[in-house]
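*Asks:* Dropping the structure in here first, questions after.
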Amino acid sequence: MTFRLLKQSKKTQARLGELKTAHGTLPTPFFMPIATKAAVKNLTSQEVGELGSPIILSNTYHLYLAPGLEVLKCAGGLHKLMNWDGAILTDSGGFQVFSLAKIRRILPGGVEFRSHLDGSKHLLTPKKVLEIQRIIGSDIAMILDVCPPSTASSLEIEAAVKTTTAWAKKAEKEIIKVRKQKKINQQLFFAIIQGGLNCKLRRQSLADLVKLKFDGYAIGGLAVGETNQEMYAVLDYLAKEMPENKPRYLMGVGTPENIIEAVKRGVDMFDCVIPTREARHGRLYLWNEKIKNSSNKKSLFSKPDFYHTINIANSKFKNDFSSINNSNLKPYSKAYLHHLFKTGEPLAMRLATLNNLDFYLRLMERIRADIKNNKL
């Protein structure tokens, strides 16, 4: 068993578990910092590890285009290239093909596209995506899917579900083949459930994919423009219908509130650009220390103001000599970080990123503790 369920909350659908990968056993629920192109922006691999993250997310589409497969082969895989000894999940690249490629065309066997870098033509098939991820050496590989835009019609969403299922069947055959040939070691494979906001199509996608016995299942096609209430409505019925003995991954989510609500609905895994992207623009995620340090028997998250955000470039922080946070950046003041942003020093984005990722990783620690203590 690669996934072990340790505890199910009596108050919600929240779960504690462990996911075994080739590079360590990961406590769930967890959050993955984004290292799209083999780096968490502004940080070294060592710094990400020191923050306590056991896993990062990289992207197959971007790594395939640059540095390319030859470099990855010569390096011995992505772990060695970026000096990272934790786990890595690689997205299939499907979302990027549909959102970034200059021209793309869905074919029965895969998706043809032109690179957003140089216009060169490429074809990604379910088999090719698995081969790329095998060279990357990721611990968790996502299956190629069709991710329709939020503006897609019902017919387009239905077509995306059918194609996603067809590609997943091809991927399963390839996985069985390479596992028999022992070409892969402990690489795990996750399929992606599509269906937009359509309950019937979501359930159909789930039913089709569960028959194929993947190591885990992801919910794709959310956080693409719908409201939080619409997203939660999908999770309300879908998450609890997903296999109990497999990890559940909500792709591209989200804010602290989104994560807490999804955990309460039974989700185990998350990723999002929010903490790193907003750090680069000077927005910091900070705990409400008075609430955080209280001895209240209720969950910290029962209070809506358990955290707040600030724009450190705001003039009111020019003479604020209080610490940026009370954990990893306690020696540095808000006035100093304000100065770094105003003068365009690269260190500004680095410190802000360290703050935000520390917040998100401590958020997940606190969520796991609350589930364990029956407080969430």
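The values are calculated or read from the model by the stated rules, or taken from the named source; none is laboratory data. Since this is a predicted model, take the numbers as computed values, not measurements. Every residue, glycine as well, gets a Cβ built from its backbone with ideal geometry; the counts of neighbours run over all protein chains shown. Accessible surface areas use protein heavy atoms only, side chains included; no ligands, DNA or RNA. Shrake-Rupley method; radii C 1.70, N 1.55, O 1.52, S 1.80 Å.
*Asks:* Only residues that are crowded, with 21+ Cβ neighbours inside 10 Å, assigned to a helix (DSSP H, G or I) and in contact with a Cys (Cβ under 8 Å, 6 or more places away or on another chain): list them for segment 235-257, please.
*Replies:* Once the filter is applied, which keeps residues that are crowded, with 21+ Cβ neighbours inside 10 Å, assigned to a helix (DSSP H, G or I) and in contact with a Cys (Cβ under 8 Å, 6 or more places away or on another chain), segment 235-257 yields nothing.
*Asks:* Still on this structure, I have one more. Consider Thr164 carefully, then state whether it is open to solvent by 10 Å² or more (accessible area, probe 1.4 Å), out of contact with any Cys (no Cβ under 8 Å at 6 or more places or on another chain) and modelled with pLDDT of 95 or more.
*Replies:* Here the answer is no, as Thr164 does not meet what is asked.
*Asks:* A follow-up question, please. Of all residues in segment 261-280, which are outside any loop (DSSP other than H, G, I, E, B), open to solvent by less than 10 Å² (accessible area, probe 1.4 Å) and either touching an Asp or Glu at 6+ places or on another chain (Cβ under 6 Å) or under 18 Å from Asp370 (Cβ atoms) (or both)?
*Replies:* Correct list: Ala262, Val263, Met269, Phe270.
*Asks:* Would you please name the residue that is farthest from Ile56 (Cα to Cα), looking only at residues in segment 345-376 that are acidic (Asp, Glu) and not in a loop (DSSP other than H, G, I, E, B)?
*Replies:* Kept after step one, since they are acidic (Asp, Glu), are these residues of segment 345-376: 345, 358, 365, 370.
Cutting the leftovers down to not in a loop (DSSP other than H, G, I, E, B) gives us 358, 365, 370.
Details: Asp358: 14, Glu365: 16, Asp370: 24 Å.
Checking each candidate, the answer is Asp370.
*Asks:* To continue, here is another question. Can we say Arg280 is touching a residue at least 60 places away in the same chain (Cβ under 8 Å), under 30 Å from Asp139 (Cα atoms) and under 28 Å from the mean Cα position of the chain (by Cα)?
*Replies:* Yes.
*Asks:* Given Ala141, Ala171, which one is touching a Lys or Arg at 6+ places or on another chain (Cβ under 9 Å) and either assigned to a strand (DSSP E or B) or open to solvent by 50 Å² or more (accessible area, probe 1.4 Å) (or both)?
*Replies:* On the way: Ala171 fails: either assigned to a strand (DSSP E or B) or open to solvent by 50 Å² or more (accessible area, probe 1.4 Å) (or both).
Result of the check over Ala141, Ala171: Ala141.
*Asks:* If you check every pair at least six apart or on different chains, which have Cβ atoms under 8 Å apart with a residue in segment 305-328 that is touching a residue at least 40 places away in the same chain (Cβ under 8 Å) first and a residue that is surrounded by fewer than 16 Cβ atoms within 10 Å (Cβ to Cβ) and assigned to a strand (DSSP E or B) second?
*Replies:* none
*Asks:* Here is a further query. Looking at segment 292-339, which of the residues that are part of a helix (DSSP H, G or I), closer than 30 Å to Lys372 by Cα and of a type outside the set (Ser, Thr, Tyr) is most open to solvent (accessible area, probe 1.4 Å)? Can you show your working first?
*Replies:* Keep residues of segment 292-339 that are part of a helix (DSSP H, G or I), which gives 292, 300-302, 315-317, 334-339.
Now restrict to residues that are closer than 30 Å to Lys372 by Cα: 292, 300-302.
Within this subset, residues satisfying the condition of being of a type outside the set (Ser, Thr, Tyr) are 292, 300-301.
Working: Lys292: 61, Leu300: 7, Phe301: 30 Å².
Ranking the qualifying residues of segment 292-339, first place goes to Lys292.
*Asks:* Continuing with the same structure: Which residues, taken from segment 175-214, are under 14 Å from Met142 (Cβ atoms) and not in a loop (DSSP other than H, G, I, E, B)?
*Replies:* Matches in segment 175-214: Ile175, Leu188, Phe189, Phe190, Ala191, Ile192, Ile193, Leu209.
*Asks:* I've got another one for you. Among the residues of segment 110-132 satisfying the criterion of being hydrophobic (A, V, I, L, M, F, W, C) and open to solvent by 30 Å² or more (accessible area, probe 1.4 Å), which is farthest from Ile192 (Cα to Cα)? Give the steps one after another, and end with the answer.
*Replies:* Going residue by residue through segment 110-132, those that are hydrophobic (A, V, I, L, M, F, W, C) are 111, 113, 117, 123-124, 129-130, 132.
With the extra rule that they be open to solvent by 30 Å² or more (accessible area, probe 1.4 Å), the set shrinks to 117, 123.
Values: Leu117: 27, Leu123: 20 Å.
Per the criteria, the residue is Leu117.
*Asks:* Mind checking which residues of segment 129-161 are modelled with pLDDT under 90 and within 21 Å of the chain's Cα centre (by Cα)?
*Replies:* So in segment 129-161, the residues modelled with pLDDT under 90 come out as 147-152.
Those that are modelled with pLDDT under 90 and within 21 Å of the chain's Cα centre (by Cα): Cys147, Pro148, Pro149, Ser150.
*Asks:* I've got another one for you. All but one of (1) of a type outside the set (A, V, I, L, M); (2) open to solvent by less than 80 Å² (accessible area, probe 1.4 Å); (3) under 18 Å from Ser92 (Cβ atoms); (4) assigned to a helix (DSSP H, G or I) hold for Tyr217; which doesn't?
*Replies:* Single failed check for Tyr217: (4).
*Asks:* May I pose another question? Name the strands (runs of 3 or more DSSP E) wholly inside segment 26-109 in which the number of residues that are open to solvent by less than 10 Å² (accessible area, probe 1.4 Å) is 2 or more.
*Replies:* On the way: elements: 30-32, 55-59, 87-91, 104-107.
Fully inside segment 26-109 and qualifying: 30-32, 55-59, 87-91.
*Asks:* If you don't mind, another one. Consider segment 281-291. How many of its residues are assigned to a helix (DSSP H, G or I) and surrounded by 22 or more Cβ atoms within 10 Å (Cβ to Cβ)?
*Replies:* First, the residues of segment 281-291 that are assigned to a helix (DSSP H, G or I): 289-291.
The next check asks that each one be surrounded by 22 or more Cβ atoms within 10 Å (Cβ to Cβ); those that pass are none.
Residues flagged as assigned to a helix (DSSP H, G or I) and surrounded by 22 or more Cβ atoms within 10 Å (Cβ to Cβ) within segment 281-291 amount to 0.
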